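In what follows, a single structure is set out as C-alpha cells and then discussed.
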Amino acid sequence: MKIGFAMCGSFCTFAPAFEQLSILRDAEHELVPIMSFNASSIDTRFGKAAEHLAHIEAICERKVIRTIEDAEPLGPKEKLDLLIICPCTGNTLAKLAAGITDTPVTMAAKAHLRGDRPLLIALATNDGLSANLSNLNAMQKRKSVYFLPMRQDDPQKKPHSLVSDFEKLPEAVAAAIRREQLRPLFLE
C-alpha cells in the first residue's frame with residue numbers, strides 16, 4: 001500500500017511513532033512522510049528537528065513534505081491508500097474538526113479525505129478529555145476517519161490527557177483499510 005505518515009508536534013511521542021513507521025516500512029509499504037511546520041522545525045528536549053527529519057527520511061527513503069503546496073497533490077494527483085497522522089496533536093485535531101487547512105498535515109488530510117479514502121488518527125494531547133473532547137467526537141462522526149485506540153496518559157497528574165497505543169498501529173491500519181474502527185477505542 002501507499003501510506004502517508006504525517007507527524008505533528010507531540011514531540012514526546014516521536015520515538016514510538018518512528019518505531020511504528022519502521023514496522024510499516026518492514027511490511028514493504030510505500031511511505032510518504034509529512035510533517036507539520038512545528039514538527040519539522042522545533043528543537044526540543046526530545047531531539048533536534050534536523051535529526052527528526054533525517055530519521056524519517058531515512059526510514060521512508062523519501063524527502064519529507066513540509067509545505068502546504070507540496071501536500072495539496074496528495075488527494076487529486078498522488079493518491080494514498082491510507083493517511084496516518086501519528087502523532088496528532090490536539091491543535092491539529094481541532095483544525096481538522098473545524099475544516100482549517102493551514103499546515104502541511106491539515107492540507108494532506110483535506111486533500112486525502114476529498115476522495116473518501118481512510119484517515120487514521122493517533123491522538124496524543126493533554127486536553128483530549130477537556131477542550132478537545134468535542135473535536136474528538138466531531139471527527140469520529142466523519143466518514144473515512146478512524147482513531148488508533150487510546151488511553152489516559154497519566155490520570156493523576158494529567159487528568160485530561162489522551163495518548164494512542166502506538167503498538168496497535170498495524171492492527172488499526174488493517175481495520176481502517178477495511179473501513180472499520182478498531183475496538184475498544186478507549187483502553188484501560
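The values are calculated or read from the model by the stated rules, or taken from the named source; none is laboratory data. Note that this is a predicted model, so its numbers are computed, not measured. So basically every Cβ, Gly included, is an ideal-geometry build from the backbone, and we count neighbours across all protein chains shown.
Descriptive notes on the structure:
- Matching residues in region 158-188 - criterion: being of a type in the set (Lys, Arg) and either at pLDDT below 95 or not in a loop (DSSP other than H, G, I, E, B) (or both): Lys158, Lys168
- Single unsatisfied condition, Ser161 versus (1) buried (at least 24 other Cβ atoms within 10 Å of the Cβ); (2) touching a strand residue (DSSP E or B) at 6+ places or on another chain (Cβ under 8 Å); (3) polar (S, T, N, Q): (1)
- Filtered by the rule that a residue be hydroxyl-bearing (Ser, Thr, Tyr) and either over 14 Å from Glu188 (Cα atoms) or touching a Lys or Arg at 6+ places or on another chain (Cβ under 9 Å) (or both), region 155-174 gives a lone residue, Ser164.
- Hey, Thr103 among the β-branched types (Val, Ile, Thr), crowded, with 24+ Cβ neighbours inside 10 Å and touching a Pro at 6+ places or on another chain (Cβ under 9 Å) or not: no
- Count of region 38-51 residues which are in contact with an Asp or Glu (Cβ under 9 Å, 6 or more places away or on another chain) and either closer than 21 Å to Ala108 by Cα or assigned to a strand (DSSP E or B) (or both): 1
- You will find that of Ala111, Ala172, Ala176, the residue that is of a type outside the set (Lys, Arg), touching a helix residue (DSSP H, G or I) at 6+ places or on another chain (Cβ under 6 Å) and in contact (Cβ under 8 Å) with a residue 12 or more places away in the chain is Ala111 and no other.
- Selection within region 1-35: residues that are in a loop (DSSP other than H, G, I, E, B) and in contact with a strand residue (DSSP E or B) (Cβ under 7 Å, 6 or more places away or on another chain). The member of this set that is surrounded by the most Cβ atoms within 10 Å (Cβ to Cβ) is Cys8.
- If the condition is being crowded, with 19+ Cβ neighbours inside 10 Å, closer than 24 Å to Glu171 by Cβ and over 10 Å from the mean Cα position of the chain (by Cα), then region 106-122 contributes Ala108, His112, Arg117, Pro118.
- Selection count, region 123-151, where residues are among the β-branched types (Val, Ile, Thr) and surrounded by 23 or more Cβ atoms within 10 Å (Cβ to Cβ): 1
- Pairs linking a residue in region 1-14 that is polar (S, T, N, Q) to a residue that is part of a loop (DSSP other than H, G, I, E, B), with Cβ atoms under 6 Å and 6 or more positions apart or on different chains, are Ser10/Thr89.
- Complete set of residues in region 52-78 that are in a loop (DSSP other than H, G, I, E, B), over 15 Å from Phe18 (Cβ atoms), within 17 Å of the chain's Cα centre (by Cα) and not hydroxyl-bearing (Ser, Thr, Tyr): Arg66, Gly75
- Among the residues of region 127-137, not a single one is among the small types (Gly, Ala, Ser) and free of Cβ contacts under 8 Å to residues at least 24 places away in the same chain.
- Residues that are more than 14 Å from Leu113 (Cβ to Cβ) and in contact (Cβ under 8 Å) with a residue 24 or more places away in the chain within region 76-87 comprise Glu78, Cys86, Pro87, listed in sequence order.
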